[in-house]
Amino acid sequence: MIFVTGGAGFIGSNFILDYLARSDEHVLNIDKLTYAGNPYNLSSLDGDARYHFVQADIADRATIDALFEQHQPRAILHFAAESHVDRSIHSPGEFIQTNVNGTFTLLEATRVYWSGLPAGAKEEFRFLHVSTDEVYGTLGPGDAPFSETTPYAPNSPYSASKAASDHLVRAYHHTYGLPTLTTNCSNNYGPYHFPEKLIPLVILNALDGKLLPIYGDGQQVRDWLFVSDHCTAIREVLARGIPGETYNVGGWNEKTNLDVVQTLCDILDELQPKAAGSYRDQITFVQDRPGHDRRYAIDARKLERELSWKPGETFETGIAKTVRWYLDNPQWVANVRSGGYLKWLELQYGGKEKS
Ligand code: NAD
Ligand code: DAU
């Protein structure tokens with residue numbers, strides 16, 4: 001069995017679906033089910049004997065200890081986190097609690113479990129920590145992309161909490177010999193993406209006839225990767241990565257936010273044209289995110305060279321698939337829309353529009 005933390009979130013649920021499409025190994029999904037956790041993402045696994053779910057907080061040591069004792073996993077894939085930068089600006093405390101204290105608790109429980117394993121199982125065991133490119137800070141227009149040796153310079157409470165968790169993982173390898181692996185990935189997009197993040201927010205707002213909010217001048221650059229390519233990278237790193245190493249994951253797809261939003265509008269204009277005009281007419285520039293990082297870009301050559309990983313999707317193919325998925329899954333959208341999401345939109349965008 002493998003443990004997946006945060007498996008009801010965007011990337012975790014894609015990972016579990018992709019993993020069980022390729023393997024018969026059992027998966028235990030440990031998820032607290034915060035506003036971002038959506039068990040509906042995994043409803044296609046209902047009744048599948050290989051899939052197990054426990055609603056639990058990674059910071060709950062007693063529960064995590066009991067799960068280790070009961071299931072004796074061969075690996076932990078640690079996705080669970082508070083992941084939205086804007087929320088970290090409004091409420092940083094939850095980010096420190098889950099991303100730092102939660103990761104620490106999980107590492108401690110893992111260390112105790114791993115220390116008691118027989119020699120062979122101990123050597124084979126892996127703790128794979130899923131992290132972000134945001135730990136490296138921001139780039140200027142001509143700077144080289146982030147490599148595994150770029151110094152850490154996090155700028156938001158979210159990225160600072162992820163950087164802290166990366167440092168703890170590193171320390172557990174260095175100090176205790178725990179066989180850890182860390183991946184630092186760029187911006188993901190694809191199915192099951194919660195509509196607080198740019199791409200799903202814009203698709204759903206466009207279809208609803210609402211404004212498409214672009215922070216600042218929209219010239220910030222992100223390096224986009226289709227989520228299943230991230231999942232493939234994680235499987236490769238789990239299978240063949242060297243304990244103690246970190247691997248940057250990215251698709252060489254740098255785009256400005258304005259380009260991304262205009263592309264989404266153009267695809268929607270083709271697939272679901274409005275009665276009059278273009279979805280581009282809904283684009284609105286709003287107040288910028290405080291401390292907004294200008295540019296992220298990932299140098300993924302280590303992963304390509306050492307583990308022969310290559311993304312399967314270009315931005316053009318991945319973004320078209322993504323828009324199609326949102327159009328084809330109105331029930332998922334309706335399900336996500338019920339609940340705290342609407343309150344969040346009010347807090348984030350209420351009265352902030354510039355024009
Ligand atoms: P998400 O917010 O969609 O999902 C996070 C999941 O973790 C949710 O299911 C939530 O319920 C769960 N969770 C939160 N706190 C928990 C706790 N204390 N105990 C147990 N479960 C808890 O996030 P995501 O976008 O799927 O990101 C997953 C991981 O990948 C995160 O660690 C994130 O930092 C990292 N990452 C994300 C991206 C991206 O573009 N989304 C890129 C690189 C790295
Ligand atoms: O780089 C990896 C990171 O990517 C992950 O670690 C994070 O978990 C993930 O949320 C994502 O962070 P970003 O802040 O880059 O993603 P977000 O979708 O929030 O924003 C993408 C860009 O779009 C960013 O420059 C801010 C801008 N934006 C976002 C929103 C929600 C807007 O212009 N308008 C918006 O309404």
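A short reminder: the numbers here are calculations on the coordinates, not readings from a lab. Computed from a predicted model, the values in this text were never measured in an experiment. A quick note on method: Cβ atoms are made from the backbone with ideal geometry, for glycine too, and the neighbour counts reach across all protein chains shown.
With the structure loaded, tell me whether residue 86 is within 15 Å of the chain's Cα centre (by Cα) and either crowded, with 16+ Cβ neighbours inside 10 Å or not in a helix (DSSP H, G or I) (or both) or whether it fails that test. Judged against the criteria, residue 86 is a match. In the condition set (1) within 23 Å of residue 17 (Cα to Cα); (2) in contact (Cβ under 8 Å) with a residue 60 or more places away in the chain; (3) more than 13 Å from ligand 1 (Cβ to nearest atom); (4) not charged (D, E, K, R), residue 220 is compliant with all but (1). Taking the conditions (1) within 11 Å of ligand 1 (Cβ to nearest atom); (2) in a helix (DSSP H, G or I) in turn, residue 131 satisfies each one other than (2).
For segment 23-56, which residues satisfy the criterion of being touching a residue at least 24 places away in the same chain (Cβ under 8 Å), part of a loop (DSSP other than H, G, I, E, B) and more than 10 Å from ligand 1 (Cβ to nearest atom)? Hits for segment 23-56 are 24, 25, 26, 48, 50. The condition of being touching a Gly at 6+ places or on another chain (Cβ under 7 Å), in a loop (DSSP other than H, G, I, E, B) and more than 9 Å from ligand 2 (Cβ to nearest atom) holds for only one of 141, 154, 191, that being 154.
Can you tell me which residue is nearest to residue 48 (Cα to Cα) among those in segment 1-33 that are in contact with a Phe, Trp or Tyr (Cβ under 9 Å, 6 or more places away or on another chain) and of a type in the set (Ser, Thr, Tyr)?
This residue is 13.
Every condition in (1) more than 10 Å from ligand 1 (Cβ to nearest atom); (2) in contact (Cβ under 8 Å) with a residue 40 or more places away in the chain; (3) more than 15 Å from residue 16 (Cβ to Cβ) is met by residue 66 except one, and the failing one is (2). Residues that are away from ligand 2 (no atom under 15 Å from the Cβ), more than 20 Å from the chain's Cα centre (by Cα) and either in a loop (DSSP other than H, G, I, E, B) or closer than 30 Å to residue 330 by Cβ (or both) are absent from segment 254-263.
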